[in-house]
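Taking it in order: structure first as structure tokens, then the write-up.
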Amino acid sequence: MSNKQPDIATEISTCRLCSDRFRQTHTAHEPRPVAWFQPGARILIAGQAPGMRVHQSGRPFTDPSGDRLRQWMGVDEDVFYDKARIAIAPMAFCFPGYNAKGADLAPPAVCAKTWRAKVLASLPDLRLTLVIGGYAQKYHLGDAASGGVTQTVERWRDHGAETIPLPHPSWRNSGWLKKHPWFEAELLPVLRSRVSEAL
Ligand code: SF4
């Protein structure tokens, strides 16, 4: 009999901690954890939680947000989905459901509490972490993210060479991008260059 422990991504894929919570949402869905990483990855994409499309595909960022994020990073799908190089670990691994306005619910806090430290410990070779959206920024940046996403991203130069805070690449944020032209003009060229170096 093998004594080999299952890797952390495999363990997460069988997690059903939020079954009751998700059953009570409008979509009454079952948990479907999307854990996309393996040891050796050099870049971590620390996002929020899968949306409905990713819940259905079982692959992270298979949606317009993913297209935009790949464009921001300057990588194609082959590189983006190469787990040996890029780890994708959101604050919750499952789609949380919708609120009354049709927006995604917050990532269940129990997910980060249960899994996140173990996930990060399994990724010792990270050179760059992209911290996307308020939930991940609060977790990864602590007090430095207390002013909200805009202020945190505006101060992207203060977070060190190995961390870049980003807004969510959702098309809902197109207005934000227009309002903050420095993001494309100043931050994105640095992001692409750091991604390329880290890879
Ligand atoms: S969101 Fe996280 S804690 Fe909840 S069922 Fe999915 S993997 Fe488990």
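Laboratory data are not the source of any read-out in this text; all were calculated from the coordinates shown. Because the structure is a prediction, the values reported are computed rather than measured. Here the Cβ positions follow ideal geometry from the backbone for every residue, glycine too, while neighbour counts run over all protein chains shown.
Observations, loosely collected:
- Along the stretch 117-128 the Karplus relation, 6.51 cos²θ - 1.76 cosθ + 1.60 evaluated at θ = phi - 60°, assigns HN-Hα couplings of 4, 5, 4, 5, 5, 7, 10, x, 9, 5, 10, 8 Hz to successive residues, with x for each Gly and Pro.
- Additional length obtainable on full extension of the chain from Lys118 to Asp76, 0.36 nm per residue less Cα span: 12.3 nm
- Whole-Hz couplings from phi, Karplus 6.51/-1.76/1.60, listed for the stretch 93-100; x for Gly and Pro: 8, 10, 4, x, x, 10, 8, 4
- Relative contact order %, the chain, counting alpha carbon pairs below 8 Å whose residues are six or more apart: 24 percent
- Cα gyration tensor of the stretch 14-158 - equivalent ellipsoid semi-axes, whole Å, descending: 23, 18, 16
- Treating r as the C-beta distance of Thr150 and Glu186 and R0 as 22 Å, the FRET efficiency rounds to 0.90.
- Gaussian network model of the chain, Cα within-10 Å springs - most flexible of His168, His180, His159: His180
- Most fluctuating residue given options Arg59, Arg155, Arg85, as computed from a GNM of the chain linking Cα atoms under 10 Å: Arg155
- For Phe95, residues with placed amide H under 5 Å, excluding near neighbours: Arg32
- Applied to the stretch 84-91, the Karplus parametrisation 6.51 cos²θ - 1.76 cosθ + 1.60 on θ = phi - 60° returns per-residue 3J(HN,Hα) values of 5, 10, 10, 9, 10, 9, x, 5 Hz, with x for Gly and Pro.
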